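The values are calculated or read from the model by the stated rules, or taken from the named source; none is laboratory data. Just so we're clear, the structure is a prediction, and the values are computed from it rather than from any experiment. Cβ placement follows ideal geometry from the backbone for every residue including glycine, while neighbour counts extend to all protein chains displayed. For the accessible areas, the whole protein counts, side chains as well, though only heavy atoms, and no ligand, DNA or RNA atoms are used. Shrake-Rupley method; radii C 1.70, N 1.55, O 1.52, S 1.80 Å.
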Amino acid sequence: MMELLEKLVNASGISGFEGEIAEILKKELSNHVDDIEEDIMGNLIAIKKPKKADNGLKVMLASHMDEIGLIVRHIDKDGYILFSKIGGINDQMLMNQMVTVNTKDGEISGVIGAKPPHRMKEAERKKIIDHENMFIDIGAVDKEDAEKMIEIGDPISFKPNFEKFPNDLIMGKALDNRIGCYVMAEVLKKVDSKATVYGVGTVQEEVGLKGAKTSAFKINPDFALALDVTIAGDHPGIKEDEAPAKIAKGPAIILVDASGRGLITPQKVKKLLINGAKKAGVNYQLEVGEGGTTDGTAIHLTRAGIPTGVVSVPTRYIHTTVSVANFNDIKETIDLLVATINDI
């Protein structure tokens, strides 16, 4: 089971360049759904029709395929790459990271560098280095040499890494949101509903929930669930009330995100999800969040409004290259969703 997740985590797919993820999902789901299509935005839409009596309802599962990353903005005279950030990245996590530049001719390895601390003044050492003062070294001798390897606009992803930790934990880059993609694929394999289920790998969530907006408009579902990760606050440096979800305590049912500026989950959706958890016999957590949003925010405001919920896997160190999650939480998320959808 974990092979698919590892493949998704290690693949490259920053916002706007999700094609590799879409291909993995397409290949994985081809024998488990009735139809697969890609829309003009690049969203992958897998459709599973009911084997039982069709109740005429449409259920949408949305999981964004994109990860945070970088993009080539400029090549200087010495062949170093200056870059822009794509998605929410804290600059301090960028220093000395290994990266992959995805070019039309293949992958080019690089490392993020900056002025060494040995040559910094005392005041400089106390400051976080801004990404605009960093560069990527790809081993080029000058600009002309670099331009033979890369182009302006090439996407840059962080080097793949995926490891198993003790106690059912996994670590890797892009767990946000390859975990959601994995969950969506496994749910589509297992679900047996009277409704038509649309599994959507959405694009460009990290830069504005874009794919969710267009795919939800096209599908116009009766009910939708966004599948994502949420901050696990079970480590030093964070108060329990700031991030109450904990690893190994089951999936988090999000009741409110962004203090209500995002999604406020309808009561009927909350009840459906809690009943699904109880029917599946899995642990679950309830969360009211003050931070970011998910695809659910865009979906629930589509057309005349769509009843929408969010189910997230608690994950440590989100938006870094070393996120940590619990594989049993992932399995319980799948069971919760299958039970919920089968009851619709």
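Provide the per-residue ³J(HN,Hα) series for segment 198-207, in order, calculated from phi with Karplus coefficients 6.51, -1.76, 1.60 and θ = phi - 60°, each as a whole number of Hz, with x at glycine and proline positions.
10, x, 10, x, 8, 10, 6, 5, 5, 10
Skipping prolines and chain starts, which residues have an amide H placed within reach, meaning under 5 Å, of the one on Val310, given they are 5 or more residues away or on another chain?
Excluding prolines and chain starts, which carry no amide H, the hits are Ala226, Ile254.
In segment 1-65, what trypsin sites (Lys or Arg not before Pro) fall in a loop by DSSP, with at most 11 other Cβ atoms inside 10 Å?
Lys51, Lys52
Test of understanding: in a Gaussian network model of the chain with alpha carbons linked when under 10 Å, which of Ser215, Ser30, Ser15 would top the mean-square fluctuation ranking?
Ser30
Starting from segment 191-248, pick out the chymotrypsin sites (Phe, Trp or Tyr not before Pro) whose DSSP state is loop and whose Cβ has at most 16 other Cβ atoms within 10 Å.
none
Considering only Gly16, Leu175, Phe135, whose Cα is most displaced toward the positive end of the charge dipole of the chain, charges sitting on Cβ of Lys, Arg (+1) and Asp, Glu (-1)?
Leu175
Take the alpha-carbon centre of segment 281-304, take the same for segment 149-198, and report the distance between them in whole Å.
Their Cα centres are 18 Å away from one another.
For the chain, which whole-number percentage of the solvent-accessible area (1.4 Å probe, protein heavy atoms only) is attributable to carbon and sulfur atoms?
50
Taking the Cα centre of the chain as origin, sum charge times position over the Cβ atoms of Lys and Arg (+1) and Asp and Glu (-1), and report the length of that vector in debye to the nearest 20.
I would put it at about 1080 debye.
Which value, in debye to the nearest 20, describes the size of the charge dipole of segment 220-344 about its Cα centre when Lys and Arg Cβ atoms bear +1, Asp and Glu Cβ atoms bear -1, and nothing else is charged?
Computed about the Cα centre, the dipole is about 260 debye.
Can you list residues from other chains, or at least 5 along the same chain, whose modelled amide H is less than 5 Å from the amide H of Val229?
When sequence neighbours closer than 5 places are left aside, the close amide H contacts are Val313.
My understanding is that a pair violates if its Cα-Cα distance is over 25 Å; which of Lys27/Lys159; Lys26/Lys173; Lys148/Lys210; Lys213/Lys279; Lys159/Lys218; Lys48/Lys246 do that in this structure?
Lys148/Lys210; Lys213/Lys279; Lys159/Lys218; Lys48/Lys246
Using packing as a proxy for protection, rank 298-304, 200-206, 259-265 so that the peptide with the highest average count of other Cβ atoms within 10 Å comes first.
200-206, 298-304, 259-265
Amide H neighbours of Asp39 under 5 Å, at least 5 residues apart or on other chains, H built in the peptide plane: list them.
Those qualifying (amide H under 5 Å, at least 5 residues apart or on another chain) are Ile45.
Give the cross-link partners of Lys127 among the aspartates and glutamates, using a straight C-alpha distance below 12 Å as the criterion and excluding same-chain residues fewer than 8 apart.
Candidates past the 8-residue exclusion: Asp91.
With a Förster radius of 22 Å, plug the Cβ-Cβ distance of Asp105 and Glu144 into 1/(1 + (r/R0)^6) and report the FRET value to the nearest 0.05.
So the FRET efficiency works out to roughly 0.85.
From the backbone phi of segment 180-192, what are the Karplus-calculated ³J(HN,Hα) couplings (6.51 cos²θ - 1.76 cosθ + 1.60, θ = phi - 60°) in whole Hz, Gly and Pro given as x?
These are the phi-based 3J(HN,Hα) values: x, 5, 4, 4, 4, 4, 5, 5, 4, 5, 9, 5, 9 Hz.
Quick check: Cα centre of segment 60-81 to Cα centre of segment 13-37, how many Å?
Distance between centres, Cα-based: 20 Å.
Read phi for every residue in segment 274-285 and hand back ³J(HN,Hα) as whole Hz from Karplus 6.51 cos²θ - 1.76 cosθ + 1.60, θ = phi - 60°, with x for Gly and Pro.
Per-residue couplings from phi come out as 5, 5, x, 5, 5, 5, 7, x, 10, 6, 8, 10 Hz.
Hey, any idea what Rg/Rh is for segment 47-120, computing Rh the Kirkwood way over Cα pairs?
Here Rg/Rh amounts to 1.28.
For the chain, with every protein chain kept in place, what is the accessible area per residue (1.4 Å probe, Å²)?
45
Which entry in [x] 18.4; [y] 21.7; [z] 17.6 is this structure's computed mean projected area of the Cα convex hull in nm²?
[x]
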